[in-house]
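Structure record follows, encoded as structure tokens.
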Amino acid sequence: MVKKPEQNNQDNLQPRPPVVVVLGHVDSGKTSILDIIRKTHMAAKESGGITQHIGAYQVEKGGRKITFIDTPGHEAFSAMRSRGAKVADIAVLVVDSCKGVELQTKEAILHIKEAGLPLIVALNKIDRPEANLEKTKGEFAKEGILVESSGGKIPSVETSAAANREKGIEEILEMILLISEMENLKVDISKPAEGVIIESHSDGRQGIKIAAIMSQGALEAGNFIGTPSAFGKVKSLEDFQGRKIKKAFPSDPISIFGFESLPKTGESFKVFPGAEEAKAQLAVLGTRKISFEVKKVAFDQKVLNLILKADCQGSLEAIEAVLKEIPHEKVVLQTLCAEEGDINESDIRSAKSSKAIIFGFRVKLNPTAKIISERDRIRIMNFEIIYDLVEGVRKLMEAKVSPDVSTVETGRVRILAVFLTEKNRQVIGGRVLNGQIEKG
């Protein structure tokens, strides 16, 4: 009697593709490796490109699928890399063998250890003469990562993504499939569908669009779906290439349409029997906004008020994390509002009333808002790279504390002759018209 349900569950277990998170320091060559994998092994590669915000895709190797989560390599996206590692089965850590183990490499190692993921080390850029594999392996050993070629248990692959000198890419895929076999990745597809939100954003044409990775069950249109912060009814599903699909299965990277408000990235979603059940079991928080505590400001402190608008929640999280690292002793940085979406008239009005500067990250300024901002002289700064945005904030903060320079006239001289002109000095002759002239 007790064993029967277990047997039924075992009967329902089916193999699923491994989910792989690829991590690496900026400029480690991670993107180049992923580009080669996409071009050579993309499932149904004749169909279009990859959806802009999906953040994941599938490839095929020997008739078997592998799902990749492509996490941004910039250090500002540490939170996103961490979130990616938590939904993955295997981690591939790309390191520039010319530069060795850098700061983001160490951060990635921490994320991988915390998630307990099997690890593959890709020793990249071995085609370059300055590559130093032994030094890099030694630096990994100091971080507790001992690769097989140095007597450890962590598999490593020597790679190059240089044109006409590609090496090790196929070996990485083979190693992923080998580890997935050893991990015995199986799932019960008869259970209610579940998955993880890896990105969410909204636009005027498509509405709320959720990028997710399936973890169990089968999801289809009409299902009532929810996370701890949002719920809805699935209107339609797309695969990672933007094609409409009827059902999504474990390890599939998908886009979901139908949420009534933006769920938080990194949350798990579940399917419920109906809307009432979903509402009853979820803490519905409404449309996602990142709010900031208004700081207490001393009377003599200077304040820089910001309104942030970004393309997606992952970007907002990254910007928030980096802004917290800026020293605030001399200037208090107040982020009054941080939202996803284009800059609109409401943002302009808020900036005017609070004397704030609007910072945009990969967003547009709608025509009406542009007219109002020019009329009201509201300063708007838009950026494509997160650290350019942060540098812009730094400069504004520095300008707040720069001493005011004023010119005080003490006298006037009429120049009558120039006796000498050199690079850094002049000797002149003149007549004092009024006031006085002093040395210095």
**Request:** For Gly440, state whether it is out of contact with any helix residue (DSSP H, G or I) (no Cβ under 9 Å at 6 or more places or on another chain) and surrounded by fewer than 11 Cβ atoms within 10 Å (Cβ to Cβ).
**Result:** yes
**Message:** Among (1) touching a strand residue (DSSP E or B) at 6+ places or on another chain (Cβ under 9 Å); (2) modelled with pLDDT under 80; (3) small (Gly, Ala, Ser), there is one condition Ala283 misses while meeting the rest; what is its number?
**Reply:** (1)
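Does the stretch 136-157 contain any residue that is closer than 30 Å to Phe257 by Cα, in contact (Cβ under 8 Å) with a residue 24 or more places away in the chain and surrounded by fewer than 22 Cβ atoms within 10 Å (Cβ to Cβ)? Step through it out loud before you land on a result.
We begin by selecting, within the stretch 136-157, every residue closer than 30 Å to Phe257 by Cα; these are none.
No, the stretch 136-157 contains no residue that is closer than 30 Å to Phe257 by Cα, in contact (Cβ under 8 Å) with a residue 24 or more places away in the chain and surrounded by fewer than 22 Cβ atoms within 10 Å (Cβ to Cβ).
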**Fill in**
Only unsatisfied item for Ala122, checking (1) within 30 Å of Gln14 (Cβ to Cβ); (2) at pLDDT below 95; (3) crowded, with 18+ Cβ neighbours inside 10 Å, is (2)
**Request:** Report, by residue number, each residue of the stretch 255-266 that is touching a residue at least 60 places away in the same chain (Cβ under 8 Å), crowded, with 18+ Cβ neighbours inside 10 Å and either of a type in the set (D, E, K, R) or assigned to a strand (DSSP E or B) (or both).
**Result:** Ser255
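Consider Lys209 carefully, then state whether it is under 21 Å from the mean Cα position of the chain (by Cα), farther than 25 Å from Leu13 by Cα and crowded, with 23+ Cβ neighbours inside 10 Å.
On the way: under 21 Å from the mean Cα position of the chain (by Cα): yes; farther than 25 Å from Leu13 by Cα: yes; crowded, with 23+ Cβ neighbours inside 10 Å: yes.
Spelling it out, Lys209 is indeed under 21 Å from the mean Cα position of the chain (by Cα), farther than 25 Å from Leu13 by Cα and crowded, with 23+ Cβ neighbours inside 10 Å.
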**Request:** State whether the residues of the stretch 98-109 include one that is open to solvent by less than 20 Å² (accessible area, probe 1.4 Å), of a type in the set (Val, Ile, Thr), in contact with a strand residue (DSSP E or B) (Cβ under 6 Å, 6 or more places away or on another chain) and within 25 Å of Glu317 (Cβ to Cβ).
**Result:** yes
**Request:** Just give me the residues in the stretch 334-374 being of a type in the set (Val, Ile, Thr), under 14 Å from Ile319 (Cβ atoms) and outside any strand (DSSP E or B), in sequence order.
**Result:** Val363
**Complete:** For the stretch 394-437, the count of residues that are at pLDDT below 85, under 30 Å from Ile326 (Cα atoms) and open to solvent by 90 Å² or more (accessible area, probe 1.4 Å) equals 4
**Prompt:** What is the number of the single condition among (1) under 11 Å from Ser97 (Cα atoms); (2) without any contact (Cβ under 8 Å) to a residue 40 or more places away in the chain that Lys125 does not meet?
**Reply:** (2)
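Of all residues in the stretch 88-109, how many are hydrophobic (A, V, I, L, M, F, W, C) and part of a strand (DSSP E or B)? Break it down into steps so the answer makes sense when it comes.
Just the residues of the stretch 88-109 that are hydrophobic (A, V, I, L, M, F, W, C), to begin with: 88, 90-95, 98, 101, 103, 108-109.
Subsequent filtering for residues that are part of a strand (DSSP E or B) retains 90-95.
So the count comes out to 6.
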**Complete:** From the option list Leu185, Leu178, single residue qualifying as of a type outside the set (Asp, Glu), open to solvent by 50 Å² or more (accessible area, probe 1.4 Å) and touching a Pro at 6+ places or on another chain (Cβ under 9 Å) is Leu178
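Looking only at the stretch 261-275, which residues are at pLDDT below 80 and of a type outside the set (Gly, Ala, Ser)? If you could, list the steps in order and put the result at the bottom.
Of the residues in the stretch 261-275, the ones at pLDDT below 80 are 264-266.
The answer is Lys264, Thr265.
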**Fill in**
Note on Ala310: of the conditions (1) modelled with pLDDT of 85 or more; (2) open to solvent by 40 Å² or more (accessible area, probe 1.4 Å), unmet is (2)
**Prompt:** What are the pairs, 6+ residues apart or on separate chains, where a residue within the stretch 174-193 that is within 30 Å of Ala221 (Cβ to Cβ) and touching a residue at least 60 places away in the same chain (Cβ under 8 Å) has its Cβ under 7 Å from a residue that is open to solvent by 50 Å² or more (accessible area, probe 1.4 Å) and assigned to a loop (DSSP other than H, G, I, E, B)?
**Reply:** Leu185/Arg16; Lys186/Arg16; Val187/Arg16; Ile189/Phe249
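So that you can scan it fast, the table gives a plain yes or no per residue for (1) within 17 Å of Pro17 (Cα to Cα); (2) open to solvent by less than 10 Å² (accessible area, probe 1.4 Å):
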{"site": "Pro228", "(1), (2)": "no, no"}
{"site": "Gly232", "(1), (2)": "no, yes"}
{"site": "Lys235", "(1), (2)": "no, no"}
{"site": "Pro253", "(1), (2)": "yes, yes"}
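The values are calculated or read from the model by the stated rules, or taken from the named source; none is laboratory data. Predicted model, so just to flag it, every value in this text is computed and none were measured. Note that we place each Cβ from the backbone using ideal geometry, even for glycine, and neighbour counts take in every protein chain shown. The accessibility values were calculated without ligands, DNA or RNA, using every heavy atom of the protein model including side chains. Shrake-Rupley method; radii C 1.70, N 1.55, O 1.52, S 1.80 Å.
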